[in-house]
Amino acid sequence: MTPRANHHVPHMALPTPPLSTVGNMKSPERSGDSMSLAQTDRAEIAYASAATQARMVADGTITAPALLEIHLDRISRLNPELNAYRVVLTDSARAAAAAAQELLDGLESTEQVPPLLGVPVAVKDDLDVAGEVTTRGTRAHGPAAAQDAEVVRRLREAGAIIIGKTAVPELCMWPFTETVSFGATRNPWDTDRAPGGSSGGSAAAVAAGLAPLALGSDAGGSIRNPATWCGLYGIKPQRGRVPTAPDDDAWYGLGVVGPLTRTVQDAALFLDATTSTPSPTGGFVAAAARTPARLRIALSTERPPPLLGRVGTAQRAAVHDAGKLLRQLGHDVVLRDPDYPPAATAGFLPRYLRTIHDNVTSMPHRERLEGRTKAMARMGGLVSDRRIAALRSAEAGLAARVQTIFDDVDVLITPGTAAGPARIGAYQKRGAIGTLALALAGVPYHAVFNVTGQPAAVIPWGLDHDGIPLSLQLVGRASDEATLLALSTQIETARPWSHRRPGVS
């Protein structure tokens, strides 16, 4: 499905200047890790990290408009197959890129350059972009948003160019991204497979080089499972770290906003640009660059109860192999399971269902919703305000119990998921309960940490037997993204992944 371009400007034949002419070079030579446009092609530029792209714009290797056109051209060629973007904001992105270049040309020093100036960023379609509808994957949506979500505003302030809005499952409910309204989003590693969800479009876009950084949201794994299956780094920040306004209590406290990126540094750059709470000394980029002190790390493959099901051989092996690497890196590694309560996910499911009910109730065209969505909303309507209040009151005790593992360890590592992604269409004929049961079985390690609120990241770890990426989940103490970022960078250095590209790239 080809997305529309805003203001009805087609994006299927965008002009891209020859490499020899783009750039407005301010200096004839560059050194270190810098790139010369005469020595690389557009794909290499598109697959450069957000931090590298920002440096290229800042030092004049490429102009902001030229960088944007590279990405728009790739979207025009690859998005019809992937359906990663619901809408490409061609007109407004070009205007923003031109303004970014004008700003840069007027600065006297590169030290004044905003950290993401000229970098294209994709936005998940549950977050508001001024002048655009926020569909949440359905045609039952209301009018266009009057203003940006706060996190989008902060990214613009940091110089980012909002390039488009990415596809999601209806009301962001599922770990796959298929809707009656907007079609199926496909995994760039295997287009017969889902990219995950609900940030599936964002993950597919970054994996295919259609943006170096994308916004996701995560109320039960919606950043972490698509990052896993698309071979990306994804971090669910500490609750309250990144603003969710205008939805200040997203998913009754379960929901957070975070990045999907190809490098750890880019995730840190995002956090520095958007954090609402104090950051570590020197900021998150500096924290990510520090070699971590000797850490005590717990490995666990236990599924939080009462979830049942099998954990894949490849997923178990990834945790075992990680233990070997971490010991080689000088860390103390132990096998230890968290003290999960008997119903560890009980704090999640009623809030998840009630949010679906609330979202459906707020939709102006509910008749356009999928039948499965209406069934989920009916279940959510059975969750009373009193029940929600009780769950919120019990949350601190549940979190304290789960987090007792951090009395003795610094980081907990689990599989990223229990299995690989579903095939496209696998859930089409399933009802609400059947879909929910299968979905939770595949991604059991995420939701409990939305209930506790602490940060958790997924880091790429090779491919499974089907050639689909898999990952490790790193869980940290409350508000300790700094340790997760530092350890992630150390693993990234020992086992690089950003050079890997999917078949659709």
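With a cap of 11 neighbouring Cβ atoms within 10 Å, and only residues DSSP puts in a loop, list the trypsin sites (Lys or Arg not before Pro) found in the range 425-505.
Working: sites: LYS429, ARG430, ARG477, ARG500; in loops: LYS429, ARG430, ARG477, ARG500.
Taking the range 425-505 and a limit of 11 other Cβ atoms within 10 Å, the loop trypsin sites (Lys or Arg not before Pro) found are LYS429.
Normalised by the number of residues in the chain, the mean separation of alpha-carbon contacts (under 8 Å, six or more apart) gives a relative contact order of 16 percent.
Based on the mean of other beta carbon atoms within 10 Å per residue, what is the order of 93-101, 317-325, most packed first?
For the peptides 93-101, 317-325, the packing ranking is 93-101, 317-325.
A simple count of charges around TRP251, restricted to other residues whose Cβ falls under 11 Å of its Cβ and scoring Lys, Arg +1 and Asp, Glu -1, yields -2.
Projecting the Cα atoms of LEU474, PHE406, HIS446 onto the dipole axis of the range 397-505, where Lys and Arg carry +1 and Asp and Glu carry -1 at the beta carbon, places HIS446 farthest toward the positive end.
Please give the FRET efficiency for ASP339 paired with HIS365, using the beta carbon to beta carbon distance and R0 = 51 Å, rounded to the nearest 0.05.
Details: r = 46 Å, r/R0 = 0.90.
Once the sixth-power term is evaluated, E becomes 0.65.
Highest-first packing order for the peptide set 377-384, 225-232, 163-170 is 225-232, 163-170, 377-384, based on the mean count of other beta carbon atoms within 10 Å.
With a Cα cut-off of under 28 Å and a minimum spacing of 8 residues unless on different chains, the lysine pairs in the chain number 9.
Pairs of Cα atoms in the range 235-353 fall into 5 Å distance bins, from 0 up to the last occupied one, in shares of 2, 9, 13, 14, 17, 20, 17, 8, 1, 0 percent. Working note: 222 nm ellipticity from helices only, DSSP H runs with n ≥ 4, each -39,500 (n - 2.57), summed and divided by the residues of the chain, gives -10500 deg cm²/dmol to the nearest 500.
The local environment of ASP410, defined by Cβ-Cβ distances under 10 Å, has a net charge of 0 under the rule Lys, Arg +1 and Asp, Glu -1.
Protection proxy ranking, highest mean first, for peptides 326-333, 180-187: 180-187, 326-333, where packing is the per-residue count of other beta-carbon atoms within 10 Å, averaged.
What does the charge add up to near ARG386, with Lys and Arg as +1, Asp and Glu as -1, over the other residues with Cβ less than 14 Å from its Cβ?
On the way: positive: ARG351, ARG354, ARG387, ARG392; negative: ASP385.
Within the 14 Å Cβ shell, the charges total +3.
In plain terms, if you count all Cα to Cα distances in the range 44-494 and split them into 20 Å steps from zero, the share in each step is 27, 60, 12, 0 percent.
Read-outs: derived from the displayed coordinates by stated rules, not from any lab. All values reported here derive from a predicted model rather than from experimental measurement. So basically every Cβ, Gly included, is an ideal-geometry build from the backbone, and we count neighbours across all protein chains shown.
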